Each structure stands twice: as C-alpha cells, then as structure tokens.
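The values are calculated or read from the model by the stated rules, or taken from the named source; none is laboratory data. No experiment lies behind these values; they were computed from the predicted model shown. Cβ coordinates were reconstructed from backbone atoms using ideal geometry, including for glycine residues, and neighbour counts include every protein chain displayed.
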Amino acid sequence: MGNQKQKINISLKKAQSLISKIIAMQADNKYCIDIMQQNLAAIGLLKSAHQMLLESHLNSCFRKAMETSNEKRKQEMISEILKVGKLASK
C-alpha cells in the first residue's frame with residue numbers, strides 16, 4: 001500500500017506543479033494551444049491519481065466492509081462507490 005500511496009502523491013504533486021505553470025502561462029498570455037496542452041497533462045495526472053485512489057479504496061476499505069456481516073455498512077460503501085463513479089463521469 002505504501003508504494004501506491006507514494007505513486008498517488010507523485011501524480012498529485014506533478015499536477016500541482018503543472019497547474020502553477022498553467023496559471024503563469026495564462027498570466028503571461030502564452031499561446032492558447034500550449035496552455036491547453038499543459039492543462040490536458042494536468043487532467044491526465046489527476047485522472048491517474050483518482051484511479052489509483054479508487055483502486056486502493058476498493059482493495060482496502062471496500063473489501064473490509066464487504067467481508068463484514070453489517071449490511072448497513074455494505075450498502076453505505078456501495079452508495080459511496082456509486083456516488084464517486086457518478087461524479088467522475090461528469
């Protein structure tokens with residue numbers, strides 16, 4: 001799990017750095033296409049981090065909840081996953 005967390009942090013930090021660069025490019029009136037390319041790169045990093053977070057959650061918290069006999073908790077976890085899935089598809 002530690003390696004996965006490290007990969008997530010790396011993706012998030014790279015995205016953060018790119019966003020700072022995009023803001024500076026916008027302020028400096030850089031070429032729109034160049035800004036959009038950097039923006040897409042940041043989006044890609046954030047999507048990658050999101051996928052890793054989801055995978056980590058499914059393999060830990062979600063799995064533990066599904067192994068219990070607490071039906072209420074199972075339903076809450078399923079609802080959470082569906083909610084996150086719906087938000088990600090927007």
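At a glance:
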{"quantity": "Residue count for the range 10-35, restricted to those that are of a type outside the set (D, E, K, R), under 20 Å from the mean Cα position of the chain (by Cα) and surrounded by 12 or more Cβ atoms within 10 Å (Cβ to Cβ)", "calculated": "9"}
{"quantity": "Test result for residue 56, modelled with pLDDT under 95, of a type outside the set (D, E, K, R) and either in a helix (DSSP H, G or I) or surrounded by fewer than 11 Cβ atoms within 10 Å (Cβ to Cβ) (or both)", "calculated": "yes"}
{"quantity": "Within the range 30-48, considering residues that are part of a helix (DSSP H, G or I) and either among the charged types (D, E, K, R) or touching a His at 6+ places or on another chain (Cβ under 9 Å) (or both), the one farthest from residue 90 (Cα to Cα)", "calculated": "34"}
{"quantity": "Scope the range 1-29; condition in a helix (DSSP H, G or I) and of a type in the set (A, V, I, L, M, F, W, C); matching residues", "calculated": "8, 10, 12, 15, 18, 19, 22, 23, 24, 25, 27"}
{"quantity": "Hits in the range 67-90 - residues which are surrounded by 13 or more Cβ atoms within 10 Å (Cβ to Cβ) and aliphatic (A, V, I, L, M)", "calculated": "77, 78, 81, 84"}
